[in-house]
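**Q** If you scroll down you'll find the structure; I have some questions about it.
The values are calculated or read from the model by the stated rules, or taken from the named source; none is laboratory data. Please read all numbers here as calculations on a predicted model, not as lab measurements. FYI the Cβ positions are ideal-geometry reconstructions off the backbone, even for glycines, and counts take in every protein chain you see.
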Amino acid sequence: MPIHICPKCTIKYKTTYRSYKIAKKAKDDDGIEQFLSGICSDKCWTDCSHDEIVVYKYINPRYAASCEKVIFVP
């Protein structure tokens, strides 16, 4: 399993799945998020502010490509 570093708590952890593709095929949202945001657990996800999630998942993701633009809707 790949080893990631959580951007929230900075611990090293093994992902639940070997790849994003396998996590997606399993339809496991937590496993998918490990590859999109790098966040290690539900606890870290809950501890993140909205702005942190946007940064970790869309603007500066560690383990996926960043999006081309982010649109905020009030």
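**Q** Is it fair to say Thr10 is without any contact (Cβ under 8 Å) to a residue 60 or more places away in the chain, surrounded by 15 or more Cβ atoms within 10 Å (Cβ to Cβ), of a type in the set (S, T, N, Q) and assigned to a loop (DSSP other than H, G, I, E, B)?
**A** Criteria not met by Thr10.
**Q** Between a first residue in segment 30-57 that is touching a residue at least 12 places away in the same chain (Cβ under 8 Å) and a second residue that is among the polar types (S, T, N, Q), which pairs have beta carbons less than 6 Å apart while being 6 or more apart in sequence or on different chains?
**A** What qualifies is Gly31/Thr16; Gln34/Thr15; Tyr56/Ser37; Lys57/Ser37.
**Q** Within segment 56-72, how many residues turn out to be assigned to a helix (DSSP H, G or I) and either basic (Lys, Arg) or within 23 Å of Tyr17 (Cα to Cα) (or both)?
**A** Of the residues in that region, 3 qualify.
**Q** So, of the residues in segment 13-38 that are in a loop (DSSP other than H, G, I, E, B) and of a type in the set (Lys, Arg), which turns out to be nearest to Phe72 (Cα to Cα)?
**A** Checking each candidate, the answer is Lys27.
**Q** Please go through segment 13-37 and pick out each residue that is exposed (fewer than 13 other Cβ atoms within 10 Å of the Cβ), out of contact with any Pro (no Cβ under 8 Å at 6 or more places or on another chain) and among the charged types (D, E, K, R).
**A** The answer is Lys21, Lys25, Lys27, Asp29.
**Q** Still on this model: Those residues that are assigned to a helix (DSSP H, G or I) and under 18 Å from Tyr20 (Cβ atoms), I need them from segment 39-52; list them, please.
**A** Passing the criteria: only Trp45.
**Q** Quick one: in segment 40-74, of everything that is modelled with pLDDT of 90 or more and in contact with a strand residue (DSSP E or B) (Cβ under 9 Å, 6 or more places away or on another chain), which residue is surrounded by the most Cβ atoms within 10 Å (Cβ to Cβ)?
**A** Cys40
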